[in-house]
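One structure below.
Since every read-out is calculated from the coordinates, none of them should be taken as a lab result. Given the structure is predicted, the values throughout are model-derived calculations rather than measurements. Cβ placement follows ideal geometry from the backbone for every residue including glycine, while neighbour counts extend to all protein chains displayed.
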Ligand SMILES: Cc1cc2nc3c(=O)[nH]c(=O)nc-3n(C[C@H](O)[C@H](O)[C@H](O)COP(=O)(O)O)c2cc1C
C-alpha cells in the first residue's frame, strides 16, 4: 500500500535520525596504518623536538619555493593509455651506469641523528635492504667510513670548505670508501635565511657533531642559527665554474652538480663535461623565490640535449610524482624529507616503509598509465593541467613539455 500524499509531505512526522554512523573500532592491537608521506610526517612531528622538526621541515624566507615544489606536481596531468597489458611492469633503470630497482635515490640530508639514534646508519641499512642509492651529506652525523661499511650503494655530497686541503681530503676519503660519485652542491654559497632555525636558535646537542669533519661542533652560544654561522665562517663562497677542474682533479669519480634551476646553467654544466646534474632548489631551503624544480625541468632537459644525465628533487611525495618527473626528462628523482619522516617515525624500518611505499605507488601509477617500463615513460605520458601556465613557458627557454603534449598556447611560443 502506498503512502498517502500527506504522509510524504508531513515534516512533523517521525524525525529522521541525525546521529552520526558510529566509527568502526580498530581491532585490538591494530594501529592505523601509515599510507602516505603525510602520515609519516605527522608521526615524526609528534616524536621530534620542535627545533629538530622545524630544521627538517622548514625552508627559506616565506617558504614559497618550498610549497611551490609540491604544487608544481599538480600542474601536470597524466595521459594514461589503456589496454596495453600491464601484468609485467618493470621499474628498473640505471643512473650513471648504476643499476637501480626503481628510480628513487636518497638525497643528502644533514644531521640525521637528530631523528634517530643511529641516524645515517639506519638510513643506509634501509637503503641497502632495498638496493637504493644513498647520497651522504658532507655534514652527516655518522662518519662516511661507517656508512660505507653497511655496503649500501653510495655517492658523496661535497660542500667546498675555505680550507681547500680539508675539501681535498674529504674527496679522497670518499673515493677510498667506495663512494661512486661526487655530488657537488652548487646552490649554497651562503646558507639560505631559514626563519624557523633563526627563531629556534638552531644548534646541535653537545654530543653530536659533523662526523666527517673531525666531529667539529657547531659554534656555541649562537644568537640565531648556528648552522648559518658555521657556513658563514667555513664555507667557500668564492666557488666558480673554473673550480670544477680542480674538483675533478681530486679523484677519478664522476661529478654531479646539485642545485641547477636554469637552462643557462644546465648548458654550462654540460659544456664542462659533468656527468650529471640535479635540478634542485635544495628543497626550498636556499633562495626563496626560486622556481619549483618540476616547472624548470623541461627547460633544463632542452638545454642539456642528452649530454649528461638529469635528476630532480624537491616535493616528490608520491610514486605518481616520479612518473611525472621521468616524463619531463629526469632519469630518476631524489627524496629528502620523506625518508627523514620515516627515520624519525620508526628508524630503519620507517625509511624502509617509505621506500617501499614509493616503489609500490610507482608500480601502480605506471600500470594505470599503461607504461610497462621506465623507458616507456616519455613526454606523451603527461600534459599541462587545464588552465595552468608553467612559468618557464614565458622565457622561451623551454617548451618541451608543451610541445610533447601537443599544446602550445599561442603567444607563448619560443620565438615570441
Ligand atoms: C633537513 C635537510 C637537510 C639537508 N641537508 C643537505 C645537505 O647537507 N647537503 C645538500 O646538498 N642538500 C641538503 N638538503 C637538500 C636535499 O638534498 C634535497 O635537495 C631536498 O631535501 C629535496 O627536497 P624534498 O625534501 O622536498 O624531497 C637537505 C634537506 C633537508 C630537508
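Sorted by average packing, counted as other Cβ atoms within 10 angstrom per residue and highest first, what order do 156-166, 242-252, 137-147 take?
Packing order, densest peptide first, comes out as 137-147, 156-166, 242-252.
Under a plain spin-label model, where a point goes 7 Å from the Cα along Cα-to-Cβ, how far apart in nm are residue 272 and residue 201?
According to this spin-label approximation, the distance is 3.9 nm.
How big is the antiparallel share of DSSP beta bridges in the range 173-304, given as a percent to the nearest 5?
In the range 173-304, DSSP labels about 10 percent of beta bridges as antiparallel.
Can you put 91, 294, 121 in order, fewest other beta carbons within 10 Å first?
The most exposed by this proxy come first: 91, 121, 294.
Between rounded, prolate and oblate, where does the range 294-398 land on the alpha carbon gyration tensor, with a ≥ b ≥ c its root eigenvalues, rounded for a/c under 1.5, else prolate if a/b exceeds b/c?
On the way: a/c = 2.01, a/b = 1.65, b/c = 1.22.
Since a/c reaches 1.5 and a/b is larger than b/c, the shape of the range 294-398 is classed as prolate.
Please give the length that would be gained between residue 98 and residue 163 if that part of the chain were fully extended, namely 0.36 nm times their separation in residues minus their C-alpha to C-alpha distance (nm, one decimal).
20.2 nm
How many percent of DSSP beta bridges within the chain run antiparallel, rounded to 5?
Once the DSSP bridges in the chain are tallied, antiparallel ones form about 25 percent.
Determine the relative contact order of the chain: mean sequence separation of Cα pairs under 8 Å and six or more apart, normalised by residue count, in whole percent.
So the answer I get is 23 percent.
Of 70, 317, 46, which is the most mobile in a GNM of the chain whose springs link Cα atoms less than 10 angstrom apart?
The residue with the greatest mean-square fluctuation here is 46.
Listing 241, 76 from the residue with the fewest other Cβ atoms within 10 Å to the one with the most, what is the order?
241, 76
Any idea how far the Cα center of the range 314-347 sits from the one of the range 209-260, in Å?
25 Å
When the chain is treated as a GNM, springs tying every alpha-carbon pair under 10 Å, which of 35, 326, 95 comes out with the largest mean-square fluctuation?
35
With a 10 Å Cβ neighbour count serving as the proxy for reagent exposure, in which order, fewest first, do 235, 282 appear?
The order, fewest Cβ neighbours first, is 235, 282.
When the chain is fully extended, how far beyond the present Cα-Cα distance does residue 349 get from residue 62, taking 0.36 nm per residue of separation?
100.0 nm
If a/c stays under 1.5 just call it rounded; otherwise compare a/b with b/c (prolate if a/b is bigger, oblate if not). Do that for the range 158-202, with a ≥ b ≥ c from the square roots of the Cα gyration tensor eigenvalues.
Because a/c hits 1.5 or more and a/b exceeds b/c, the range 158-202 counts as prolate.
Relative to the present Cα-Cα distance, how much length would full extension add between residue 47 and residue 90 at 0.36 nm per residue of separation?
Working it through step by step, the gained length comes to 11.8 nm.
Most fluctuating residue of 207, 376, 363 in a GNM of the chain with Cα springs under 10 Å: which is it?
Evaluated over the chain, the most mobile residue of the options is 207.
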